[in-house]
Amino acid sequence: MDIISQLSAELVAVLRTLFYALPYVFGYILLILAFSFIWQAVKRFVTPKHDYGSLKTVTFGDESAVTSNTVASVVSIVLIFVLWGAFTGSKILPSFMHAPGAFTGEGSFTYTVTTPDGQSDDATVTVVVYETGATVDAPEVDPGDGFAKNDSIALAAYRSGLLRVDENDEIGRDQDATITAINGVAIEPGGSVSTDFGRVELSGKGTPNVYPAKGVQMEPIWLPAPEAVWARLTEIATEGYRNSTLAEHLGFSLFRVIVGFILGAIVGIPLGYAMGLSNWFRGWFDPIVEFMRPVPPLALIPLVIIWAGIGEVGKIILLFLAALWIMAIAARSGVSGVRISKVHAAYSLGASKWQIMRYVIIPNSLPEIFTGARVAMGVCWGTVVAAELVAAEKGAGMMIMVASKFQSTDIVLMGIILIGVIGFTIDMLMRWAERWLVPWKGKG
Amino acid sequence: MSGLQIDNISMRFDLPNGSSVQALKDVSLDLKAGELLSVLGPSGCGKTTLLNIVAGFLAPTEGKIVLNGNTVHGPGAERGMVFQQGALFEWMSVRENVGFGPKMKGMAQGQKREIVDHLLDVVGLSDFKEKAVYELSGGMQQRVALARCLANEPDVILMDEPLGALDALTREKMQGLVLKLWKETGKTIILITHSVEEALLLGERLLVMAPRPGRIHKEYRLPFAEMGVDQDLRFVKKEPQFAEVREEILGMIWDMEEEIMGRKEGA
Ligand SMILES: Nc1ncnc2c1ncn2[C@@H]1O[C@H](COP(=O)(O)OP(=O)(O)OP(=O)(O)O)[C@@H](O)[C@H]1O
Ligand SMILES: [Mg+2]
């Protein structure tokens, strides 16, 4: 019962978050459609092509008529950067493209204090909001007349502050004087009033809480602007981070992946062949491989750390294990996938067992092995980053983990982008190698 | 003793559920060197099984295959096989496919080249030597398969529906090619087909098999293959005797099919 109520509370929280995200999602979809219409309009002025695809009259439902629109891809990527810039107040965008930012500058509000015996007086509070990173002291203000004296407060953008306005007043809270209005609008503890710079809330005890408007931009601590990330990239590329250069961090991650993958392939491929060619080996290793395959490599991290520590050996063992099963299964299915008529044909042409292996089984299994290698490289890359998040002295994952502890979101973001770019490059290289080395894939 | 003896072959498959299938029962046949035999029969009568036994891919439960005086115990280079499709090596070029047999024997490069060039010339694929096999049409691929088989100089050529996947026109051209190669090389050929017409055209001898258990139903000796060597196949088909035998065999196979269906419905 208890768990059900907990889970439903979680579900409600998730759905609420999704609900708040809905306007943004719809806004994004509208942008996609808007750009689509713009492109349709632009296309009318481009000379029409008469290739096979564009002459089809039935395109809806014809899978082959749907190709990736390059213009859409370019606009999509540019839009990501524009949105990123707009919501971080980036300097690379003209300021009219920025989403409403946090209030900065000077504002003010007046409060009205009423004493139990019915006297009341107004005083003005000057609010100074400065950019994050600067330090500005609250300005000196003229106390003014009456028993309530003027105050001032300085706040960094996105921050709010309680202001004990009665501290300098002649009759304060200790004498049961209460604030009854802000800017002339009546207010009670717990209420709030909008002002020119944001809003003022009255706390439960009757102290004004100053909330300058935050706008809809992201604070740099959550999402730094693109140029900040770029600046970090150049800085770390030249000066390094945590005693290692950027190239060293990334190089170590790549080195682990490549060594682990190669070791996994060296053991896994022959293992897969043995399983594909011999009943005994198939029977022997099937339970092991089938059990290990669904175990996520990440689940092995604690064990590997216990056994081999956090050094290179442990990481390479982990990646070896990540690649091993994938490569073994790929090689096994590559061997089992050989058409029996090809093997028969080769025997009838006088081939020996070794020749069948060399000229039929191995080439026939290469496409599968390449597919497996692509998957394995992807898994290894993911696993190495995760392992470095847990424990490492160098590496892409370690870099972003340490940076997150110091709230250096720019480094975290830079690391994520670099990890993505490298993963993508690895996959592209594997595809390219595949096309070059096994052009017969899927043609048998 | 030359030629191919199929000596009292029986074949029984035990099925996992405990029952068994008698795929062949007491099949005997004597084939002299250079004879061209076509095999016809309703689906499931054991034609492929028989061919696989001759090729040595299956061991018969009873009986034996004797080629040139030697009992067959497995596949060998003296019995070449042409499959219906998909038996070419797609990772090799046309030239490498045809040269596969000689290469396995360790033949010298120059000699191998000569054989391959000659055979590709014979099957009319000289312009496609360096192409990948998947770039060729179905008919061209079967010509490669034929050339690959011939390059190995087998005594017997076994073909399991080699032209089954081709369109009618290509098929007719290929039938002419098979006859031409048969005459030129003097090989013993066993050819399985589903087409009665093809069996008549390409069978110096013709075997009609019957199912359950697979056995020889009737054997013919026919003049059409000999005629087809130097005549247009379309003229051969117009022979009155051709139509006569065709009708007879068609009727025979229809009867067998009906019997199978009837038995199934009865069961
Ligand atoms: N590996 C096998 N295991 C069990 N039964 C088999 C096996 N191979 C063939 N059979 C059975 O043997 C019989 C003959 O099969 P075969 O493939 O030789 O027929 P076929 O004459 O070549 O048929 P088709 O004309 O359709 O190619 C069939 O009843 C089939 O079910
Ligand atoms: Mg068959």
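The values are calculated or read from the model by the stated rules, or taken from the named source; none is laboratory data. As the structure is a computational prediction, the values presented were derived from the model and not from experiment. Counting neighbours? That spans all protein chains shown, and the Cβs are built from the backbone with ideal geometry, glycine included. Remember, those area values only see protein heavy atoms, side chains included, never the ligands or the DNA or RNA. Shrake-Rupley method; radii C 1.70, N 1.55, O 1.52, S 1.80 Å.
The figures follow:
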| quantity | calculated |
| --- | --- |
| Residue B:235 accessible area, assembled protein chains, probe 1.4 Å, Å² | 120 Å² |
| Largest to smallest accessible area among A:131, A:63 [probe 1.4 Å] | A:63, A:131 |
| Chain A: relative contact order as a whole-number percent, Cα under 8 Å and 6+ apart | 11 percent |
| Candidate lysines for bridging to residue A:91, where Cα separation is under 20 Å - those fewer than 8 sequence places away on the same chain excluded | A:214 |
| Positive-end residue of A:172, A:110, A:154, charge dipole of segment A:105-212 with Cβ unit charges | A:154 |
| Contour excess over end-to-end distance, with Cα ends at residue A:31 and residue A:235 and 0.36 nm allotted per residue | 70.0 nm |
| Full-stretch length increase - residue A:176, residue A:303 - with 0.36 nm per residue and alpha-carbon distance subtracted | 39.3 nm |
| Whether segment A:105-212 is rounded, prolate or oblate, judged on the alpha carbon gyration tensor where a/c under 1.5 counts as rounded | prolate |
| For segment B:88-153: relative contact order, % (alpha-carbon pairs under 8 angstrom, 6 or more apart) | 52 percent |
| Label point at residue A:355 placed 7 Å out along Cα→Cβ; residues across segment B:72-102 whose backbone nitrogen lies under 14 Å | B:75-81, B:97-102 |
| Overall form of segment A:2-97 per C-alpha gyration tensor (a/c, 1.5; a/b vs b/c) | oblate |
| Distance between modelled label sites at residue A:110 and residue A:17, nm, 7 Å Cα→Cβ extension | 4.5 nm |
| Anisotropy class of segment B:120-208 from Cα gyration tensor, a/c 1.5 cut | oblate |
| Å² of accessible area per residue within segment A:105-212, as computed with a 1.4 Å probe and no ligands counted | 51 Å² |
| Accessible area (Å², 1.4 Å probe, nearest 10) - residue B:135 | 110 Å² |
| Selected from A:295, A:360, B:41, residue furthest toward positive end of dipole (the protein assembly as shown; charges at beta carbon) | B:41 |
| Relative contact order for chain B, counting Cα pairs under 8 Å that sit 6 or more residues apart, in percent | 25 percent |
| Shielding of B:88-94 by partner chains, average beta-carbon count, 10 Å | 6 |
| In the B-A interface, the accessible area buried, summed over both sides, Å² (probe 1.4 Å) | 2000 Å² |
| Kyte-Doolittle at least -1.0, axis length at least 27 Å by Cα - qualifying DSSP helices, chain A | A:2-43, A:246-277, A:312-336, A:362-390, A:409-437 |
| Selection from A:381, A:243, A:414, by position along the positive dipole direction of segment A:226-437 (Cβ) | A:381 |
| Among A:402, A:46, A:412: highest mean-square fluctuation, GNM of chain A, C-alpha pairs under 10 Å | A:46 |
| Radius 14 Å from Cβ of residue A:257, net charge of other residues (Lys, Arg +1; Asp, Glu -1) | +1 |
| Delta accessible area of at least 50 Å² on complex formation, residues of segment A:353-378, 1.4 Å probe, chain isolated as reference | A:359 |
| Residue A:404-residue A:266 FRET efficiency (beta carbon distance; Förster radius 35 Å; 0.05 resolution) | 0.45 |
| Average beta carbon contacts from partner chains per residue of B:143-151, 10 Å cutoff | 1 |
| Accessible surface ranking that places the most exposed of A:239, B:259 first, with a 1.4 angstrom probe | A:239, B:259 |
| Residues losing 10 Å² or more accessible surface upon assembly, segment A:324-350, compared with the chain by itself, 1.4 Å | A:339, A:341, A:342, A:344, A:345, A:346, A:347, A:348, A:349, A:350 |
| Sum of side-chain charges, residue B:31 neighbourhood, beta-carbon under 11 Å (Lys, Arg +1; Asp, Glu -1) | -2 |
| FRET E, pair residue B:194, residue A:216, Förster distance 60 Å, beta-carbon r, rounded to 0.05 | 0.25 |
| Average accessible area per residue (Å²) across segment A:2-97 - probe 1.4 Å, nucleic acids and ligands excluded | 85 Å² |
| Residue order for B:51, A:223 - accessible surface, 1.4 angstrom probe, largest first | A:223, B:51 |
| Approximate spin-label separation residue B:238-residue A:7, in nm, with each point projected 7 Å along Cα-to-Cβ | 8.2 nm |
| Probe 1.4 Å - accessible area at residue A:333, Å² to nearest ten | 40 Å² |
| Accessible surface of the protein assembly as shown [probe 1.4 Å, protein heavy atoms]: carbon and sulfur percent | 60 percent |
| 17 Å reach of a label modelled at residue A:196, 7 Å along Cα-to-Cβ, counting backbone N of segment A:98-131 | A:103-111, A:123-130 |
| About the Cα centre, charge dipole magnitude for chain A (Lys/Arg +1, Asp/Glu -1 at Cβ), debye | 4280 debye |
| Residue-averaged 222 nm ellipticity for chain A, from DSSP H runs of 4+ at -39500 (n - 2.57), nearest 500 | -18000 deg cm²/dmol |
| Violating pairs (Cα-Cα greater than 27 angstrom) within the set A:342/B:173; B:64/B:187; A:342/B:218; B:32/B:238; A:353/B:25 | A:342/B:218; B:32/B:238; A:353/B:25 |
| Shielded residues, segment A:422-444 - accessible-area loss of 50 Å² or more between chain alone and all protein chains, probe 1.4 Å | A:440, A:443 |
| Total formal charge among the other residues, if their Cβ is under 13 angstrom from that of residue A:377, Lys/Arg +1 and Asp/Glu -1 | +1 |
| Residues residue A:64 and residue A:41, FRET efficiency given R0 of 22 Å [Cβ-Cβ distance, rounded to 0.05] | 0.25 |
